[in-house]
Structures are given as structure tokens and as C-alpha cells.
Amino acid sequence: MRLGSVFFYPVKSTSGHEAAEAVVRPWGLAEDRRYLVVDERGEPLTAREHPIMLACVARPDGSTIKLSGPHAEPLRVTPTSRRLTADLGGDRVEVTDCGDDAAAWMAALLGRPARLAWLDDPTRRPVDPAYGRADDRVSLADAFPLLLTTTASLARLDDWVRETAAERGEELPQPLDMRRFRPNVVVEGAGEPFAEDSWRRLRIGEVEFRAVKGCDRCVQTTVDPDTYVKGKEPIRTLSRHRKWDGKVWFGVNLIPDGTGTIRRGDPVTVL
């Protein structure tokens, strides 16, 4: 098996980037999900409810990021000294406000009040102790430092989606884009679809990881990453084939047991 793709997402729930390599930190990939968009109460705003967020492209720019989108001129973000508290699934996390210009830029994109915030200290947020160790940390991802998917599992899901469409007399759809699932690492050559369900430890290049939990999927996977239009797939088909505990599942969450650089083409070994 080998590492086929590496993705990072500078601002949570906005467009991501495919990279040839990435630095693994204890809390995730170095440039991954250090920023997020919140409302006036500190609740995250995401593409689940606001698909237009996927039109926002955030690129690392020295010690900060530069935003671009279809609605305004690009903006280089300048964090302030003002603190906010963001609520991430019950985790109250202290973050740094990125100023009124960034807030106005995001509000214009979303058509509602919004502020951009930065996790200045990525060691601040612990992983759920039910799945991690006392010193495990996570940035602003939903729950875990990295998400892994495999091309074998996506191929099987595509087959199921086409079967569902055929049974319903619908036009056969194009294959699903892996970007819908917002992985950090995509493994090629896994052989059996969903083999990753049983992985507990693995090595990518020279970095070892724990696979601590399957990833339950939400409606964001139903948003086309290019058109921002919501549909029924893949949730409709996952509900037929990959549903248990009241949720649907695709991919596995990883916690690093070391740091280093991972690169496209690196060998992937289950330990």
C-alpha cells in the first residue's frame, strides 16, 4: 500500500488543498484546521449549513493565511489580541479573533454575521479521553488529528451508489469525488474495501499512527465540492450498507504517535 494523496484545510469547513507532502504534528498536519468561522455566540459555521463556504480558498501566507473567494478581493488575515470562545461539539476552546476585516469578508461570503478565529496554541485542545491518551491533542478538526480514507473503499461505495440509482430508475451518477469526505491521507492499494475498519496501528513513511475510531459521516459529504449543490449521496447509500449505532461510516480517525514529514508515494504498513 502507498500514500496516494495528502490534503489539508487551513480554515475548517472551507476548500482544501492537495499537497505532495505535509508535516505531521501531534495535533494533526501542520497547516490543517488552525482557523474556523464562528457566529456571534462562538458556534462554528460550517459547509453543512452553508455550502458556499467551500468557495473560500485559504492559503498559508507566512505566519498567517490569505483568503480568496468569488465575492471580494483577496484578504491577508491579521489576527488580533482579542480572545473568543468557540464551542466545538461541547469543547469550549479559547481562540484568537482575526479582526473586523476578516469578519466582514466572511460575513459577505455567507450573507450573515460571522467572525474568523485562529487557534494560536494547538496544544490547547485535548482529544476525547474515551479514544485518546492524556497528552493527545487536536487542532480545530471535529474530533481527531487526521482522517484516513482508501481508494478501495471509495470504489466499492461508487458501485453501491450506481446500484442504488439503477434500482430507482435514476440516471447513473459520476463517481464520487474523494474531496467530499475531507480526508487528510488517502491510501491506495488497500486491496479489500473497508479493510481500514480493522486497522489499529499503521505507519506512513516513517510516522506511526493509532487508528482510534471509525468516522461517522454527516450531510457535508452530500455537497458537491465544485458546485456547492447538495444531493442525496453518499448518505443515502451509506445508510443501506454502512449504518450501525444510528450513524453511517466511511474512513478512520488517526492520532499520531510521532512527528515527521509524510509524502505522496510513501509506503503504508499496517502494524
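The values are calculated or read from the model by the stated rules, or taken from the named source; none is laboratory data. As the structure is a prediction and not an experimental result, all values here were calculated from the model. Reconstructed Cβ throughout: ideal geometry from the backbone, glycine too, with neighbour counts over all protein chains shown.
Kindly list, by first and then second residue, each pair from a residue in region 208-236 that is outside any loop (DSSP other than H, G, I, E, B) to a residue that is hydroxyl-bearing (Ser, Thr, Tyr), limited to pairs with Cβ atoms under 6 Å and residues at least 6 apart or on different chains.
Close Cβ pairs (under 6 Å, with a partner that is hydroxyl-bearing (Ser, Thr, Tyr)) amount to Val212/Tyr131; Lys213/Tyr131; Lys230/Thr222; Ile235/Thr222.
Taking only pairs six or more apart or across chains, which ones have beta-carbon atoms under 9 Å, a first residue in region 150-170 that is closer than 13 Å to Glu196 by Cβ and assigned by TED's automatic domain parsing to the domain that holds Leu254, and a second residue that is surrounded by fewer than 19 Cβ atoms within 10 Å (Cβ to Cβ) and of a type in the set (Gly, Ala, Ser)?
Final answer for the pair search is Thr150/Gly189; Thr150/Ala195; Thr151/Ser5; Thr151/Gly189; Ala152/Gly189; Ala152/Gly191; Ala152/Ala195; Ser153/Ala195.
Across region 188-234, what is the number of residues that are touching a helix residue (DSSP H, G or I) at 6+ places or on another chain (Cβ under 6 Å) and among the aromatic types (Phe, Trp, Tyr)? Give the steps one after another, and end with the answer.
To start, the set of residues in region 188-234 that are touching a helix residue (DSSP H, G or I) at 6+ places or on another chain (Cβ under 6 Å) comprises 188, 190, 193-194, 221-223, 225, 228, 230-231, 233-234.
Next, from what is left, pick out any that are among the aromatic types (Phe, Trp, Tyr): 194, 228.
Residues flagged as touching a helix residue (DSSP H, G or I) at 6+ places or on another chain (Cβ under 6 Å) and among the aromatic types (Phe, Trp, Tyr) within region 188-234 amount to 2.
Collect the residues in region 47-68 that are out of contact with any strand residue (DSSP E or B) (no Cβ under 7 Å at 6 or more places or on another chain) and either in contact (Cβ under 8 Å) with a residue 60 or more places away in the chain or more than 15 Å from Ala114 (Cα to Cα) (or both), keeping them in residue-number order.
Across region 47-68, the qualifying residues are Arg48, His50, Ile52, Ala55, Pro60, Gly62, Ser63.
When region 180-212 is examined, which residues are found to be buried (at least 17 other Cβ atoms within 10 Å of the Cβ) and within 26 Å of Leu54 (Cα to Cα)?
Matches in region 180-212: Arg180, Phe181, Arg182, Pro183, Asn184, Val185, Val186, Val187.
So is Arg125 within 23 Å of His17 (Cβ to Cβ) and touching a residue at least 12 places away in the same chain (Cβ under 8 Å) or not?
For Arg125, the condition - within 23 Å of His17 (Cβ to Cβ) and touching a residue at least 12 places away in the same chain (Cβ under 8 Å) - is met.
Suppose we keep only residues that are under 14 Å from the mean Cα position of the chain (by Cα) and either without any contact (Cβ under 8 Å) to a residue 40 or more places away in the chain or part of a loop (DSSP other than H, G, I, E, B) (or both) within region 20-44. Which one would you say is nearest to Asp142 (Cα to Cα)?
Arg33
Do we have any residue at all in region 55-72 that's on the phi > 0 side of the Ramachandran plot, modelled with pLDDT under 95, touching a Leu at 6+ places or on another chain (Cβ under 7 Å) and not assigned by TED's automatic domain parsing to the domain that holds Glu208?
no
If I filter region 88-100 for residues that are over 25 Å from Lys66 (Cβ atoms), under 17 Å from the mean Cα position of the chain (by Cα) and basic (Lys, Arg), do I get at least one hit?
First, pick out the residues of region 88-100 that are over 25 Å from Lys66 (Cβ atoms): 89-92.
After this cut, where a residue has to be under 17 Å from the mean Cα position of the chain (by Cα) as well, the list is 89.
Those still in the list that are basic (Lys, Arg) too: none.
No, every residue in region 88-100 fails to be over 25 Å from Lys66 (Cβ atoms), under 17 Å from the mean Cα position of the chain (by Cα) and basic (Lys, Arg).
Report, by residue number, each residue of region 88-121 that is assigned to a loop (DSSP other than H, G, I, E, B), at pLDDT 95 or above and surrounded by fewer than 20 Cβ atoms within 10 Å (Cβ to Cβ). Walk me through it before giving the result.
So in region 88-121, the residues assigned to a loop (DSSP other than H, G, I, E, B) come out as 89-90, 98, 111-114, 119-121.
Narrowing further to those that are at pLDDT 95 or above: 98, 111-114, 119-121.
Correct list: Gly111, Arg112, Pro113, Asp120, Asp121.
Which of (1) touching a residue at least 60 places away in the same chain (Cβ under 8 Å); (2) not assigned by TED's automatic domain parsing to the domain that holds Asp257 does Gly89 not meet, given it meets every other one?
(1)
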